[in-house]
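As structure tokens, the structure follows; a few thoughts come after it.
The values are calculated or read from the model by the stated rules, or taken from the named source; none is laboratory data. None of the values given here were measured: they were computed from a predicted structure. Reconstructed Cβ throughout: ideal geometry from the backbone, glycine too, with neighbour counts over all protein chains shown.
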Amino acid sequence: MRPLVESGPGDEVVVIAGLTKRYGPRTVVDDLSLTVRRGEVYGFLGPNGAGKTTTLRALLGLVRPTSGTATVLGRPAGSPSAGVGALIEGPGFYPYLSGRENLRVLARYAGAPAGRVDAVLDTVDLTDRARDRYSTYSLGMKQRLGVAAALLKDPELVVLDEPTNGLDPAGISDMRALLRRLSADGHTVLLSSHLLGEVEQVCDRVAVISSGRLVVESSVGELLGLRRLVIEAEPLGEAAAITTRLLGPERVSVVDGVVHAQAGPEDAARINRALVLADVEVSGLRQEAQTLEAVFLQMTGSELAVADPDPDDRPAQRTGRLSRRGATR
């Protein structure tokens, strides 16, 4: 887990306020507000279909929000800016060209200096394979080349949509190392993901989203500081209601006949006292350390998938041609 980045007032790179996106009667992003600070790696977490990709596309001007506002680097979302590089949905390059040739084509399209091609290949550790055809690349190498494309104009903000999606453990490790290098080089990174173990290791702060709504925005350390409080009590319904009243519904659930709550030591004492005063019989109350995944699953009530997906989370159709969605802005 990375140390929390210290930022002062006015250091907001991304500010989203009340962002809502509807497709017909269905609300995909619902009154979402969050802030990404300069210099941090910010994890945007949620199950597949939670609205992550739609939100990122709105930030880049690829989707028009139904309501709400968003600014990127102090300008309205979607404004032309050399300060933003993005990889949305996945890279798309010419399969018969080499990695270097693909980046040269994109550099000309994006107006990036030709000298940046070799620099970004070195950043993503693809220099040794730069002459090889894109069609011979592994999935992890293709993802890293997509990140290289996003870095061509040396952007201040790098937006990456599920960059480890589908990668094997070696590919995930490579991507994790790349994200750390980007942060060390001074880039601000906005990273969407549902792979919580990876986010826990590289992110400074996270926003957890479920069904298009923000569940919590916090540092990783603060989230992990909320231990799981397991309460065995009768009557169960009254115990759950009292705990919910004290902590809020997003931090309480009932699983297998016991109450589970995200709570610190001071909360445990307060909850126990309230239950006893309400004549609820408490037979067990214990705290357990937990992973970010456990926090996420309790807060979202999700198995990391939803039945009705976000339309912008569906895989993009591949045509074998260069995808503009992987280009720098």
Matching residues, region 164-196, being under 11 Å from the mean Cα position of the chain (by Cα) and part of a helix (DSSP H, G or I): 196
Residues of region 134-163 that turn out to be in a loop (DSSP other than H, G, I, E, B) and either within 20 Å of residue 59 (Cα to Cα) or touching a Ser or Thr at 6+ places or on another chain (Cβ under 9 Å) (or both), as a count: 8
When the residues of region 40-60 are narrowed to those that are touching a residue at least 40 places away in the same chain (Cβ under 8 Å) and farther than 14 Å from residue 191 by Cβ, which ends up farthest from the chain's Cα centre (by Cα)? 60
Inside region 271-315, can you point out the residues that are modelled with pLDDT of 70 or more, under 12 Å from residue 229 (Cα atoms) and surrounded by 12 or more Cβ atoms within 10 Å (Cβ to Cβ)? 271, 272, 285, 287
Residue that is nearest to residue 52 (Cα to Cα) [pool: residues in region 197-238 that are of a type in the set (Gly, Ala, Ser) and part of a loop (DSSP other than H, G, I, E, B)]: 212
Residue under question is residue 45, and the condition is that it be in the same structural domain as residue 112 (by TED's automatic domain parsing) and within 23 Å of residue 200 (Cα to Cα); does it hold? yes
